[in-house]
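No lab work stands behind these numbers, since they all come straight from the coordinates. None of these values were measured; they are calculated from a predicted model. Glycine also receives a Cβ, built like all others from the backbone with ideal geometry; neighbour counts cover every protein chain displayed.
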């Protein structure tokens with residue numbers, strides 16, 4: 001979707017790495033543009049995508065993707081995209097009048113002791129279904145975002161177990177990829193545990209993209225910086241970025257015309 005980011009990550013629709021766990025995180029900035037990038041990138045590459053949209057509605061993701069030239073509705077209709085709308089499912093379960101209408105994938109809201117087993121089963125069945133379909137690329141799991149699970153009362157250990165089992169199923173067994181976003185508040189403490197969860201997920205992932213605000217504070221022409229950590233190659237690079245309407249510009253720190 002964003003050509004400059006593809007160049008930084010050395011990927012293209014014709015050159016998709018497999019068995020990758022890409023961890024996205026943000027602090028004092030917004031990494032949503034990375035979620036939209038990977039969603040559009042994998043759909044355009046002909047991958048089967050299971051998208052756990054826990055933070056926003058389908059219409060939100062669809063509207064943004066439409067501006068970027070990707071139709072989520074078409075991908076959903078032809079079976080390429082399986083979408084779980086976590087907001088609506090959660091409300092259906094938490095509302096006493098609709099408690100029996102929510103998806104089984106969100107059963108942890110009915111029975112917290114069960115953990116995220118049902119959510120994993122949803123992922124496993126969604127990503128494995130349709131083996132006869134001519135999808136060109138590897139299967140993909142995309143999650144936006146894991147901190148919502150913490151807010152709903154899921155323990156950090158259960159989320160780590162969930163990511164571990166998903167990685168085993170999607171990356172190892174099916175030779176696919178998964179991308180997960182975790183939001184970390186600067187005021188976060190052990191009550192929510194997102195900082196501890198971030199450390200645990202970082203040990204699991206193969207590639208980490210950490211988005212944060214500028215250390216110097218707000219700048220109108222620079223929206224933040226992203227640290228790209230390739231854990232397989234033990235390589236780390238930092239870029240500043242500016243989000244535009246249909247693109248994102250990346251540049252080495254201090255080289256933007258806004259600071260020269």
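Take the conditions crowded, with 19+ Cβ neighbours inside 10 Å and part of a helix (DSSP H, G or I) and apply them to residue 51. Does it pass? Spell out how you get there, then give the answer.
Numbers: crowded, with 19+ Cβ neighbours inside 10 Å: yes; part of a helix (DSSP H, G or I): no.
Considered against the rule, which asks whether it is crowded, with 19+ Cβ neighbours inside 10 Å and part of a helix (DSSP H, G or I), residue 51 comes out as no.
Can you name every residue in region 227-242 that is touching a strand residue (DSSP E or B) at 6+ places or on another chain (Cβ under 6 Å) and either surrounded by fewer than 17 Cβ atoms within 10 Å (Cβ to Cβ) or more than 29 Å from residue 155 (Cβ to Cβ) (or both)? I'd like the intermediate steps shown before the answer.
First, the residues of region 227-242 that are touching a strand residue (DSSP E or B) at 6+ places or on another chain (Cβ under 6 Å): 227-230, 236-242.
227, 228, 230, 236, 237, 238, 239, 240, 241, 242 - these are the residues of region 227-242 that are touching a strand residue (DSSP E or B) at 6+ places or on another chain (Cβ under 6 Å) and either surrounded by fewer than 17 Cβ atoms within 10 Å (Cβ to Cβ) or more than 29 Å from residue 155 (Cβ to Cβ) (or both).
Out of all the residues in region 62-70, is one or more touching a strand residue (DSSP E or B) at 6+ places or on another chain (Cβ under 7 Å) and within 19 Å of residue 33 (Cβ to Cβ)? Steps first, answer last, please.
Start the filter on region 62-70 by keeping residues that are touching a strand residue (DSSP E or B) at 6+ places or on another chain (Cβ under 7 Å), which leaves none.
Scanning region 62-70, I find no residue that is touching a strand residue (DSSP E or B) at 6+ places or on another chain (Cβ under 7 Å) and within 19 Å of residue 33 (Cβ to Cβ), so the answer is no.
Specify the residue that is surrounded by the fewest Cβ atoms within 10 Å (Cβ to Cβ); the eligible residues are those in region 203-226 that are out of contact with any strand residue (DSSP E or B) (no Cβ under 8 Å at 6 or more places or on another chain) and touching a residue at least 12 places away in the same chain (Cβ under 8 Å).
Among those residues, the one meeting the criterion is 220.
Which of the residues belonging to region 1-32 are assigned to a helix (DSSP H, G or I) and surrounded by fewer than 22 Cβ atoms within 10 Å (Cβ to Cβ)?
Taking region 1-32 as the starting set, the residues that turn out to be assigned to a helix (DSSP H, G or I) are 3-9, 32.
Hits for region 1-32 are 3, 4, 6, 7, 8, 9, 32.
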